[in-house]
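All of the numbers you see were taken from the coordinates with simple rules; none came from a lab. Here the structure is a predicted model, which means the values were calculated and not measured. Every residue, glycine as well, gets a Cβ built from its backbone with ideal geometry; the counts of neighbours run over all protein chains shown.
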Amino acid sequence: MRCPSCTSRDVGKIGANQYYCWNCFAEFNVSGDEVRVYEVAEDGSLIVVDQANHADVEFGTGA
């Protein structure tokens, strides 16, 4: 899987359909064809990032 924000493959699963990118520190979730990207605030809350600027998520084995 690639990060929809920076296209890095350094992505980990943190919950059901929820992922975290260790490269750009974005959190995102996938629901069908919809991808929502969040910035993690200093207090741990999530801030929605404008989705229009993100590449498509690529699913795969991570190899």
For a protection proxy built on the mean count of beta-carbon atoms within 10 angstrom, sort 21-30, 7-16, 41-50 highest first, please. 21-30, 7-16, 41-50
Taking placed amide H atoms and a strict 5 Å upper bound, the residues 5 or more places from Ser8 or on another chain that come that close are Cys3
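Around Asn29, what is the net charge, scoring Lys/Arg as +1 and Asp/Glu as -1 over all other residues with Cβ under 14 Å from its Cβ? Kindly include the intermediate steps, with their values, before the conclusion.
Numbers: positive: Lys13, Arg36; negative: Glu27, Asp33, Glu34, Glu39.
Net local charge, Asn29 excluded: -2.
Between Thr7 and Asp50, how high is the FRET efficiency from 1/(1 + (r/R0)^6) when r is the Cβ-Cβ distance and R₀ = 25 Å? Nearest 0.05. Walk me through the numbers before you get to the answer.
Values: r = 17 Å, r/R0 = 0.66.
After rounding to 0.05, the efficiency reads 0.90.
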